[in-house]
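This report refers to the structure that appears directly beneath it.
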Amino acid sequence: MTMPEILKPLKTWEHLSGARRKPSEYEIVSTNLHYSTDDQNSPFELDPNFDIALWFKKYRNESPIKHPDWNSFRDPDEIVYRTYNLIQDGQEAYVFGLLDQFSDREHDKALSPSWVALLGRLYTPNRYLFHSLQMHSAYICQMAQASTISNCATYQTADHLRWLTHTAYRTAELAKVHGAAGFGLNEKNRWLSDPAWLDIRELVEKALVAWDWAESFVVLNLIVKPSIEGATIRSLGESARRNGDTLLGLLSDAQLVDASRHQKWSRALVKKMLEQDENREQLRVWIRKWMPLAKAAINSYCQYLVEVPDAAERSIATVEEFHASLGL
Amino acid sequence: MSQLPIISNFQGDFLLQLVLGDSEGTINSLAEAAAYHSVGRRVAPQPGKVIRVRRQGETGFYKPDAKVSDTDIKAMDCLEFVFSDPDKK
Amino acid sequence: MTILDRSEWYDIARETNWTPTFVTEEELFPEVMTGGLGVTRDKWEKYDEPYKTSYPEYVKIQREKDAGAYSVKAALERNKLFETADPGWISILKSHYGGLALGEYAAMSAEARMTRFGPAPGMRNMATFGMLDENRHTQLQLYFPHEHCSKDRQFDWAVKAYHTNEWAAIATRRMVDDLFLGRDAISIAIMLTFAFETGFTNMQFLGLSSDAAEVGDYTFSSLISSIQTDESRHAQIGGPALEVLIANGKKAEAERMVYQGIAGAWRLFCVLTGPSMDYNTPLAHRKHSFKEFMQEWIIGQFERSLIDLGLDLPWYWDKLVAEFDYMHHAYQLGLWYWRPTIWWNPAAGVTPDERDWLEEKYPGWNDTFGKCWDVIIENVVAGRMDKTYPETLPILCNMSQLPICAIPGNGWNVKDYPLEYQGRTYHFNSEIDRWMFQQSPERYRDHMSLVDRLLAGQIQPPDIGGILKYMNIAPGECGDDAHKYAWADAYRVNPFSKSAA
Ligand SMILES: [Fe+2]
Ligand SMILES: [Fe+2]
């Protein structure tokens, strides 16, 4: 046996030491952290074919979307845990400052009865929707091919809990002032049977069980999120402003800051996928498959936003432009 | 020579080890192979004693000069290697 | 100021279950990923997490905690601890980071499984914070060791270890995968958060933190205690899950999961924490033995939390408690003797004074483990170094993937616990390990230990060189004695002092 050379200390982790520049904090703490991707035949240090191993092999390892080096993916915002909390603590201070001020001004008392009714129908049931986004993002986190992808999904999961929290908070506030309107009581029924929500619910329920990790990402980040962000956040927010509900307008904008961050990493991941030209057709197939449901969801919801007559049209156009800008 | 991997549980040692024996050799040579990985490493030699071999859980030892392939020892059997007085059987 | 109290809206934020109509309930929460032993989802409406927090509170508190942890690091960066600390302590850091950092990341995936597949909204929300927590723990425990990379190649293993087939890494993956990464959401709630985190992480982190302060490593001490504050929060996901299972007639099954969790976690703590406390920590800084620590934490505290929940103690409890006396001493012998196959430099920890301490804490140590060390010491003193290195592999337990070992010397009781299953013979370290296998053989059946792989010809050439290559460990990173055998000097001066006890 020939003696191997004696390894010398390196300036950084071995897998980063080939780069010409010093690795960033982001790279040091975020890259190459999934080990269950190392052996494609046996994700875990267990039987290669017990039920959960088969799940990972089928829905992650055997995904039609392939790339030889998923670990080369980078979050364009290079968010790490530390900066995530810095950013969001600041954002929450802003939002809770708004909530505080508007409450002091007795904002909810000034809302018109018709707008209050619409909030109960089109705004507060959002918590079910936002929670589904939270659950769905957590699926992408655990199934992604690289830790740099999982991290984006982790922060996205938390952001959706944030949206859910804002919605729950506002639901409680509205219930205090408008007790008879059923806030905090009627949302589940609305979510289950109101025609404004049915198509959205169909979309998210079906999206949640699209198990292939890449399809799961496509349907959530390229279809569901851009669609509902256009309809139940942006368009609803515009409608709010036209009904004297400045608070909801500002809250919506605050959430859209998160949404635009989500779009940035989604764009980067699609770009990574398209480094392999064979992936383009599959991504298009999925978009063709899911867009009809998304359009129906947007249309059904937006028809009730009477002050924003072009809400559906604009929301759909925004989603389609997003896809076009991705080359899909 | 035909390699036979067995599990060595050597008296006084702290673990089971993989030992490659020779199925054409004797029980004694198997004991030597096992001793190589324990005695003088973590087990003090016991001059004047011999090492006898038995299957885990049994009291009777294999005959020292028996050919391994003539016994019931199979690959990866767990065998105990025990210091004994030379005259005892 | 008119901000609503959390209690006024908390319940609304966890009223998010609905019965799907476009897909079935079973599709949305498939048994394989949700688990739950047939307890239907409506029964989980009773799930009530005892620790309540919210998104705005979380990001605020965590921002402050991080500011604390990182500023301690920055302030102490020039304090040169790395140059002045005892090499045994540095070894503890290396084994800790390599063994834990990516395990924390696997815990993030497990928390994500509960966030997606957990049957109760409160569990899903708490697990969302759990995901963030474990993301934090990974990042902290990579950021802190990274600065040492340029001084010592072994620190590269903070990220590398889990990606290798090094044997301790295989054993660590086995535990992590079996207790959480490869489990359904409800099993994770019980095995990871209740058994592992309540039972063992607490102990590991509190113990390490106080040991770190004791040796003057305040950076590590504050890091570890900061992590522990997160753990003690999200560890509370499991308790209410157990309550739901018990209330719905699944006590026996729930207990079984707890017992598997404890047994799996114990093995790993035994091989990593046991030798850290009783051998690598410099004698002057040892406040308690590993056994004392286990007795306080596992018997004193964890046993009580089992009883509080109305759970019986595991059938193997006496056997496990008996292991506090010897198992980690056996692992220490294995770690030190097979030191070229690990990514840290183990301290022998057997100077005459240390042996007196071991004999005091573990009466009979000299007559058992000491017998093996006597031979090793003689070889070191005589310069027969070739006799202090291995030339074969230990037999590895098909459950823990750790060497099958027990008490040597005059207490010799080493034994194989074999099991014949579907035509293959499996080898186990104890009845507990064999019982683990029997609970769900399909999870383990076709897995091969390192020894199985060697015998199947997967490791080429089948010699020490080939094995080290397979483990991806090479000179410059593989372990050697932490103190470069300086401890043996005491025996050179007075070869008989070892029998002081
Ligand atoms: Fe953790
Ligand atoms: Fe944890």
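Taken together, the values in this text are just the output of simple stated rules run on the coordinates, not laboratory data. Just so we're clear, the structure is a prediction, and the values are computed from it rather than from any experiment. Quick reminder, even Gly has a Cβ in these numbers, built from the backbone with ideal geometry, and neighbours come from all protein chains shown.
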Can you tell me the dipole magnitude for segment C:29-500 around its Cα centre, using point charges on the Cβ only (Lys, Arg +1; Asp, Glu -1), in Debye to the nearest 20?
720
Once both labels are modelled 7 Å past Cα along the beta-carbon direction, what's the C:Asn472-A:Gln40 spacing in nm?
1.7
Using only the alpha carbons of the protein assembly as shown, what is the convex hull's orientation-averaged projected area in square nanometres?
38.9
Residue-averaged 222 nm ellipticity for chain A, from DSSP H runs of 4+ at -39500 (n - 2.57), nearest 500
-19000 deg cm²/dmol
Zone residues, segment C:205-228, relative to C:Tyr51, backbone N less than 20 Å from point 7 Å out along Cα-to-Cβ
C:205-210, C:221-228
Roughly what would the spin-label model give for A:Leu10 and A:Asp100, points 7 Å off Cα along C-beta, in nm?
4.8
What are the principal axis extents of the Cα atoms in chain C, in Å, biggest first?
77, 61, 42
Kirkwood Rh over Cα pairs of segment C:293-391 into Stokes-Einstein at 10 °C, 1.306 mPa s: D in µm²/s?
100
Run the quick spin-label model on B:Glu32 and A:Lys66: label points 7 Å from Cα toward the beta carbon, then report their separation in nm to one decimal.
5.5
In degrees, nearest 10, the alpha-carbon axis of helix C:352-361 is tilted away from the dominant principal axis of the alpha carbons of chain C by 40
Quick one: which of A:Lys225/A:Lys272; A:Lys188/C:Lys65; C:Lys287/C:Lys415 span more than 28 angstrom between C-alpha atoms?
A:Lys188/C:Lys65; C:Lys287/C:Lys415
FRET efficiency for C:Lys484 and A:Lys289, Cβ-Cβ distance as r, R0 = 51 Å, nearest 0.05?
0.20
Going through segment C:339-406, which GluC sites (Glu not before Pro) have at most 13 other Cβ atoms within 10 Å and a DSSP loop state?
C:Glu391
Cβ-derived FRET efficiency at R0 60 Å, C:Asp353 paired with C:Ala67, nearest 0.05:
0.90
Suppose every K and R has +1 on its Cβ and every D and E has -1 on its Cβ; what is the size of the dipole of the protein assembly as shown about the Cα centre, in Debye to the nearest 20?
980
The answer for chain A, counting only DSSP H helices whose Cα atoms cover 24 angstrom or more along the axis and whose Kyte-Doolittle average is -1.0 or greater, is A:81-104, A:126-143, A:147-177, A:246-273, A:279-302
Against the rule of thumb 2.2 N^0.38 Å, how large the Cα Rg of chain A comes out
1.12
Could you name the lysines whose alpha carbon sits less than 16 Å from that of C:Lys94, not counting residues in the same chain fewer than 8 places away?
C:Lys151, C:Lys160
Find, among the chymotrypsin sites (Phe, Trp or Tyr not before Pro) in segment C:42-124, those assigned to loop by DSSP (not H, G, I, E, B) with at most 14 other beta-carbon atoms within 10 angstrom.
C:Tyr51
Using helices alone, I'd like the mean residue ellipticity at 222 nm for chain C: each DSSP H run of four-plus residues gives -39500 (n - 2.57), total over residue count, nearest 500.
-16000 deg cm²/dmol
